[in-house]
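**Q** Please find one structure pasted underneath; my questions will follow.
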Amino acid sequence: MPDEILGELSDALLVVTVIGYALAMLGFAADSAINRARRAVPAAADAEPAALLATGAVRATPLDPRGLPADPGLAGADTPPPGSVTPFRARAATIAMGLTAGAALIHVASVVLRGFAAGRVPWGNMYEFSSAVALTAVVAFLVLVARGTVDRRLGAFVMVPVVLYLGLAATVLYTPAGPLVPALDSYWIKIHVAAAIVASGAFLLSGVLAVLYLLRSRHDERADPAAAGWSLGAALPSAVALDRASYAVIAFAFPIWTFAVIAGAIWAEAAWGRYWGWDPKETWSFITWVLYAGYLHARSTAGWKGRKAAWVAVAAAIALIIDYYVVNIFVVGLHSYA
Amino acid sequence: MTLLEETRLSTAPAPVPPRPGGRSFRTTLRRGWRQLTSMRTALLLLFLLALAAVPGSFLPQRGLNPLQVQDYIKAHPDLAPWLDRLSLFDVFAAPWFAAVYLLLFVSLIGCLGPRIRLHARALRAAPPRVPAVLSRLPVSDSWQTTQPPEEVVDVAEKALRAARWRVVRREGALSAEKGYLRETGNLLFHLSLVGLLIGIALGGIFGFKGTVLVKEGEGFASAILNYDDISPGRRFAPDRLVPFHLRLKDFRATYRDSGEALTFAADIDWAPGPDAETRPYTVRVNHPLSSGGAKAYLIGHGYSVQVRVRDAAGQVALQEAVPCLPQNPQFLSSCVIKVPDPSTGQQFAFEGVFTPTTVQDPVTRRVGSLHPAPDLPVLTVVGFRGDLGIDSGTPGSVYQLDTSRLTPMGAGAAQQLAPGDTWRLPGGGELTLVGVEEWATFQVTQDPGKLIALLAGMGMVAGLCLSLSVRRRRFWLRALPPGQGPDLGSTVVQAGGLSRSDSEAFAREFHALTHVLRPPTAIDPDHGKA
């Protein structure tokens, strides 16, 4: 098939992907909205968390402000008692998950076709890069849901930046498929940029989780949460679970980001004659790295655990966004491959 | 839960209580040192480091783009001198930036010492004794079996050792510990950071960077005087330069129709030393020339105009390829041709532009270039006669013309020459554009700290992977003989464990272990604990 047709097909599939993610987001939101009365039900069916609770020796788990033991895990803890689940609500979440998984598959197809259309790996400019990062974030979310680390209803929140990313990519950042500029023509693009994409997608997800943690913990600190009626914080999973999930994602992504920065330095040495030159993108990659290192440190420092650490994670995610978009668009350096 | 010695899994050094009646200066020093090496200080310094790097990315930096800095200073005459005083145009070499990362490294090294000692001790130490009441641990289990206690403990010990736990048997009870790699990885990561700093410092102090413009057909030998521009490290000695030499045979560039570059290649003949045999090589972006410890990178290119200038007496006053500097992506290049030694008459010079694919605006008569490929090359120049200012002794750029003591030829009308054209100069002499050639700029770097930095980088990634994935955990097992446990008839086995992090995953591991250890005929002494 000629390259132009492949390219157009890839673009069309991306549009379908965005629609799919947006519908999934609505489905997840509908799921949360329909069940308005949130009650934290101790997971009677889960033996291991019960063991944790019974011995009363879990270090970091606080008690709910309402005096009930805070749910130790996500899966099942916020499920209302059986019988109160309306059939529509249960189906809404399942449909939304199905839409997410299906749209992710179409997204993969879009990225792969783009690669065939351009005759190279499909991450050579900002448009392709944004698409790949959004795909990684969605895949990371799906993996976490499958492992039970994250509740699937968080898809409503995760899809927001994903849809924004893709919308931005398809409109403002779009360029037709074409060959790479000579400086990018190296096998390192598969290593450095691929690692950066995986780490960025995961960091994007962890940023969403950190924001959700802050919302939930602010809700927990209110004097009488039940009197506020429906609130966003009440609809979220427990703060402990969100904190743990966001840590798990960052602990996964941080070594990959470190590797990406180092691989970039090795490539820079081959292409530009020096492995580190404080080019604006290199500088912001460094700032992002330092802030995530700060997050990991904060989680082990007295007085910085919990909310402050989550704020550090949010700051680090913002640094990442600046690294990709602000630097590429507003600052001209060696890295300007828009 | 009280922090018993058995349950203390933290690898941070225990806080030292203040010594009563110590000398106040020493106590202050020690307290200051404790503060510096504390996690909180490290955290604040990390944030400070990130903050300090921000202006270095938004303001133009001398190390990256000195011309941009000059433009900024001209554009902001009030603000710029203050920014300059605060070293904001040279952030990463600024003393305050160095202060932040040096303080961070002092804090790091100060923390590493005790932690390495602690970890060395922990690696040799045996896992602690079995706590008295195992059921108080975060994860615990208990079952009854008809096997005698020694057999139970034997089976358990074998299973634990097979799973690579460190096991110690005391008085018929087992203590096991696993996950030392976590702290090993952590220490490896932080030590690698120190190694990285050493590698970077070595490169900065003993390294060298130089750039040189080489015309097609010309040769270049790596010696200090031959470079156009050098930045050696503080302790770099010129005799450390690798004495390779090269000759640029041909520079080739291909472009897309839209003008974007597709490939760059410089065909050279080179040799690693003055007496060695030359061999061919093609230097490309991402494929530098490597000779000994030096690397030569292709970093730029442009056009040079091959000109022949005759003076009024008909003698050849200049015959060479004059490099022109590109001004835009379509390679409209500025040219300055100086003729300082005519056999008769005044010095003269030409200044103008070279356009590889020429297009001329019919209204304004301005020339521009549509495309970087030399499809329609034209040299457009204005001639001058007078004093070039070369003999005055003040240094000037070969690419700039000082017209203060020059008068334009022929009322300053610009002349256009295609390759092969000759311009009869008013007042005698002629300028012939013989042809168009190309030049390439090479950057040569020597960095003795590169390998150390690379190894340190690899150590960082390896250390991180270990320290973020391995968990430190402990497991205890005790078998009470019949008559001692709650049930007088059979052996009661008690097991318990704890983990420093990721309690869910450890709970799963614990239950997998006990599932393997307990025989299928075991009876639960406590109801409800599945």
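The values are calculated or read from the model by the stated rules, or taken from the named source; none is laboratory data. Source: prediction; values computed, not measured. Neighbour counts run over all protein chains shown; Cβ positions are idealised from the backbone, glycine included.
**Q** Could you grab the pairs with beta carbons closer than 7 Å, sequence gap of 6+ or different chains, first residue in the stretch B:446-460 and at the interface with another protein chain (Cβ under 8 Å from one of its Cβ atoms), second one polar (S, T, N, Q) and surrounded by 17 or more Cβ atoms within 10 Å (Cβ to Cβ)?
**A** B:Met460/A:Thr258; B:Met460/B:Ser192
**Q** When the residues of the stretch A:266-285 are filtered to those that are small (Gly, Ala, Ser) and more than 7 Å from every other protein chain (Cβ to nearest Cβ), which remaining residue is surrounded by the most Cβ atoms within 10 Å (Cβ to Cβ)? Working first, answer last.
**A** Here is the first cut: in the stretch A:266-285, the ones small (Gly, Ala, Ser) are A:268, A:270-271, A:273, A:277, A:285.
After this cut, where a residue has to be more than 7 Å from every other protein chain (Cβ to nearest Cβ) as well, the list is A:268, A:285.
Numbers: A:Ala268: 20, A:Ser285: 23.
Here the answer is A:Ser285.
**Q** Can you spot a residue in the stretch A:188-207 that is touching a Pro at 6+ places or on another chain (Cβ under 8 Å), modelled with pLDDT of 90 or more and either surrounded by fewer than 24 Cβ atoms within 10 Å (Cβ to Cβ) or farther than 30 Å from B:Ile299 by Cα (or both)?
**A** The initial filter retains those residues of the stretch A:188-207 that are touching a Pro at 6+ places or on another chain (Cβ under 8 Å), namely A:204, A:207.
Next, only the ones that are modelled with pLDDT of 90 or more stay: A:204, A:207.
If we keep only those that are either surrounded by fewer than 24 Cβ atoms within 10 Å (Cβ to Cβ) or farther than 30 Å from B:Ile299 by Cα (or both) too, we end up with A:204, A:207.
Yes, the stretch A:188-207 has at least one match.
Table: residues versus (1) crowded, with 16+ Cβ neighbours inside 10 Å; (2) touching a residue at least 12 places away in the same chain (Cβ under 8 Å); (3) under 42 Å from the mean Cα position of the chain (by Cα).
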residue: B:Phe384; (1), (2), (3): yes, yes, no
residue: B:Ser392; (1), (2), (3): no, no, no
residue: B:Val398; (1), (2), (3): no, yes, yes
residue: B:Thr403; (1), (2), (3): no, yes, no
residue: B:Pro419; (1), (2), (3): no, yes, no
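**Q** What number of residues within the stretch B:38-55 are more than 9 Å from chain A (Cβ to nearest Cβ) and either among the small types (Gly, Ala, Ser) or in a loop (DSSP other than H, G, I, E, B) (or both)?
**A** Total satisfying the criteria: 1.
**Q** So which residues in the stretch A:1-16 are β-branched (Val, Ile, Thr) and modelled with pLDDT of 90 or more, if there are any at all? Working first, answer last.
**A** First pass over the stretch A:1-16, keeping only residues β-branched (Val, Ile, Thr): A:5, A:15-16.
A:Val15, A:Val16 - these are the residues of the stretch A:1-16 that are β-branched (Val, Ile, Thr) and modelled with pLDDT of 90 or more.
**Q** Considering every residue within the stretch B:216-230, establish whether at least one is surrounded by fewer than 20 Cβ atoms within 10 Å (Cβ to Cβ), among the aliphatic types (A, V, I, L, M), over 25 Å from the mean Cα position of the chain (by Cα) and under 26 Å from B:Cys111 (Cα atoms).
**A** Let us first name the residues in the stretch B:216-230 that are surrounded by fewer than 20 Cβ atoms within 10 Å (Cβ to Cβ), namely B:216-219, B:221, B:223-226, B:228-230.
Filter again for among the aliphatic types (A, V, I, L, M), leaving B:221, B:223-225, B:230.
From what's left, over 25 Å from the mean Cα position of the chain (by Cα): B:221, B:223-225.
Remaining after also requiring under 26 Å from B:Cys111 (Cα atoms): none.
For the stretch B:216-230, residues surrounded by fewer than 20 Cβ atoms within 10 Å (Cβ to Cβ), among the aliphatic types (A, V, I, L, M), over 25 Å from the mean Cα position of the chain (by Cα) and under 26 Å from B:Cys111 (Cα atoms): absent.
**Q** Looking only at the stretch A:239-264, which residues are within 7 Å of chain B (Cβ to nearest Cβ) and within 25 Å of A:Val326 (Cα to Cα)?
**A** From the stretch A:239-264, those within 7 Å of chain B (Cβ to nearest Cβ) are A:251, A:254-255, A:258-259, A:262; that's our starting set.
Scanning the stretch A:239-264 gives A:Phe254, A:Pro255, A:Thr258, A:Phe259, A:Ile262.
**Q** How many of the residues in the stretch B:293-340 are among the charged types (D, E, K, R) and over 48 Å from the mean Cα position of the chain (by Cα)? Full working, then the answer.
**A** Taking the stretch B:293-340 first, the residues among the charged types (D, E, K, R) are B:295, B:308, B:310-311, B:320, B:338.
Then keep just the ones that are over 48 Å from the mean Cα position of the chain (by Cα); that gives B:310-311.
Here the count works out to 2.
**Q** While we're on this one: In this structure, does B:Val444 turn out to be of a type in the set (A, V, I, L, M), farther than 21 Å from B:Val322 by Cβ and modelled with pLDDT of 90 or more? Show your work before the answer.
**A** On the way: of a type in the set (A, V, I, L, M): yes; farther than 21 Å from B:Val322 by Cβ: yes; modelled with pLDDT of 90 or more: yes.
Judged against the criteria, B:Val444 is a match.
**Q** Among the residues of the stretch B:56-87, how many are in a loop (DSSP other than H, G, I, E, B) and at pLDDT 85 or above?
**A** First, the residues of the stretch B:56-87 that are in a loop (DSSP other than H, G, I, E, B): B:59-65, B:76-79, B:86-87.
The next check asks that each one be at pLDDT 85 or above; those that pass are B:59-62, B:76-79, B:86-87.
The number of residues fulfilling the criteria is 10.
**Q** If you don't mind, another one. Collect the residues in the stretch B:179-234 that are free of Cβ contacts under 8 Å to residues at least 60 places away in the same chain and either of a type in the set (Val, Ile, Thr) or not in a loop (DSSP other than H, G, I, E, B) (or both), keeping them in residue-number order.
**A** B:Ile205, B:Gly219, B:Ala221, B:Ile224, B:Leu225, B:Asn226, B:Asp229, B:Ile230, B:Ser231, B:Pro232
**Q** Right, something else. Of all residues in the stretch B:106-124, which are hydrophobic (A, V, I, L, M, F, W, C), touching a residue at least 24 places away in the same chain (Cβ under 8 Å) and either within 29 Å of B:Lys178 (Cα to Cα) or surrounded by 15 or more Cβ atoms within 10 Å (Cβ to Cβ) (or both)? Spell out the reasoning first.
**A** So the first thing to find is which residues in the stretch B:106-124 are hydrophobic (A, V, I, L, M, F, W, C), and the list is B:106, B:108-109, B:111-112, B:116, B:118, B:120, B:122-123.
Checking which are touching a residue at least 24 places away in the same chain (Cβ under 8 Å) leaves us with B:106, B:108-109, B:111-112, B:116, B:118, B:122-123.
Scanning the stretch B:106-124 gives B:Leu108, B:Ile109, B:Cys111, B:Leu112, B:Ile116, B:Leu118, B:Ala122, B:Leu123.
**Q** Within the stretch B:237-271, count every residue that is in a strand (DSSP E or B) and within 14 Å of another protein chain (Cβ to nearest Cβ). Can you show your working first?
**A** First, pick out the residues of the stretch B:237-271 that are in a strand (DSSP E or B): B:245-255, B:261-271.
Narrowing the set further to residues that are within 14 Å of another protein chain (Cβ to nearest Cβ) leaves B:251-255, B:261-266.
The number of residues fulfilling the criteria is 11.
**Q** How many residues, within the stretch A:147-201, are under 17 Å from the mean Cα position of the chain (by Cα), under 18 Å from A:Gly264 (Cα atoms) and among the hydrophobic types (A, V, I, L, M, F, W, C)?
**A** Of the residues in that region, 6 qualify.
**Q** Among the candidates B:Pro342, B:Pro274, which residue alone is crowded, with 18+ Cβ neighbours inside 10 Å, part of a loop (DSSP other than H, G, I, E, B) and more than 14 Å from chain A (Cβ to nearest Cβ)?
**A** Values: B:Pro274 fails: crowded, with 18+ Cβ neighbours inside 10 Å.
Exactly one residue qualifies, and that residue is B:Pro342.
**Q** I'm trying to understand the selection: among the residues of the stretch B:299-323, which are more than 19 Å from B:Asp250 (Cβ to Cβ), of a type outside the set (Val, Ile, Thr) and assigned to a strand (DSSP E or B)?
**A** Here is the first cut: in the stretch B:299-323, the residues more than 19 Å from B:Asp250 (Cβ to Cβ) are B:307-319.
From what is left, the residues that are of a type outside the set (Val, Ile, Thr) are B:308, B:310-315, B:317-319.
Listed by number, the residues that qualify are B:Arg308, B:Arg310, B:Ala317, B:Leu318, B:Gln319.
**Q** Taking the stretch A:185-213 as the region of interest, how many residues are under 26 Å from A:Arg153 (Cβ atoms), within 14 Å of chain B (Cβ to nearest Cβ) and of a type in the set (Ser, Thr, Tyr)?
**A** Residues flagged as under 26 Å from A:Arg153 (Cβ atoms), within 14 Å of chain B (Cβ to nearest Cβ) and of a type in the set (Ser, Thr, Tyr) within the stretch A:185-213 amount to 1.
**Q** Being surrounded by 18 or more Cβ atoms within 10 Å (Cβ to Cβ) and out of contact with any Phe, Trp or Tyr (no Cβ under 6 Å at 6 or more places or on another chain) is the filter; apply it to the stretch A:163-179 and report the residue that is modelled with the highest pLDDT.
**A** Here the residue is A:Leu166.
**Q** Give the residue that is nearest to the other protein chains (Cβ to nearest Cβ), with candidates limited to residues of the stretch B:288-320 that are modelled with pLDDT under 90 and touching a helix residue (DSSP H, G or I) at 6+ places or on another chain (Cβ under 9 Å).
**A** B:Ile299
**Q** If you go through the stretch A:290-315 one residue at a time, how many are more than 9 Å from every other protein chain (Cβ to nearest Cβ), part of a helix (DSSP H, G or I) and in contact (Cβ under 8 Å) with a residue 12 or more places away in the chain? Walk me through it before giving the result.
**A** Start the filter on the stretch A:290-315 by keeping residues that are more than 9 Å from every other protein chain (Cβ to nearest Cβ), which leaves A:292, A:295, A:299, A:305-311, A:313-314.
Then keep just the ones that are part of a helix (DSSP H, G or I); that gives A:292, A:295, A:307-311, A:313-314.
In the following step, the residues that additionally are in contact (Cβ under 8 Å) with a residue 12 or more places away in the chain were identified as A:292, A:295, A:307, A:309-311, A:313-314.
Of the residues in that region, 8 qualify.
**Q** State yes or no: is B:Ala512 in a strand (DSSP E or B), within 13 Å of chain A (Cβ to nearest Cβ) and not acidic (Asp, Glu)?
**A** no
**Q** Additional query: Tell me which residues, restricted to the stretch B:121-142, are more than 14 Å from chain A (Cβ to nearest Cβ) and either in contact with a Pro (Cβ under 9 Å, 6 or more places away or on another chain) or not charged (D, E, K, R) (or both).
**A** Filtering the stretch B:121-142 for residues more than 14 Å from chain A (Cβ to nearest Cβ) gives B:121-130, B:132.
If the condition is that a residue be more than 14 Å from chain A (Cβ to nearest Cβ) and either in contact with a Pro (Cβ under 9 Å, 6 or more places away or on another chain) or not charged (D, E, K, R) (or both), then B:Ala122, B:Leu123, B:Ala125, B:Ala126, B:Pro127, B:Pro128, B:Val130, B:Ala132 are the ones that fit.
**Q** Something else about it: Go over the candidates B:Trp33, B:Trp82 one by one and state the one that is in contact (Cβ under 8 Å) with a residue 40 or more places away in the chain and surrounded by fewer than 15 Cβ atoms within 10 Å (Cβ to Cβ).
**A** On the way: B:Trp82 fails: in contact (Cβ under 8 Å) with a residue 40 or more places away in the chain.
Checking each option against the conditions leaves just B:Trp33.
**Q** When the residues of the stretch B:476-491 are filtered to those that are touching a Ser or Thr at 6+ places or on another chain (Cβ under 8 Å) and in a strand (DSSP E or B), which remaining residue is nearest to the other protein chains (Cβ to nearest Cβ)? Step through it out loud before you land on a result.
**A** So in the stretch B:476-491, the residues touching a Ser or Thr at 6+ places or on another chain (Cβ under 8 Å) come out as B:476, B:479-482, B:485, B:490-491.
When the remaining residues are screened for being in a strand (DSSP E or B), the result is B:476, B:479-480, B:491.
Numbers: B:Trp476: 14, B:Ala479: 21, B:Leu480: 20, B:Thr491: 22 Å.
Only one residue tops the list, namely B:Trp476.
**Q** Considering (1) over 31 Å from the mean Cα position of the chain (by Cα); (2) assigned to a helix (DSSP H, G or I); (3) of a type outside the set (Gly, Ala, Ser); (4) within 14 Å of chain A (Cβ to nearest Cβ), say which one B:Leu118 fails and leave the rest.
**A** (4)
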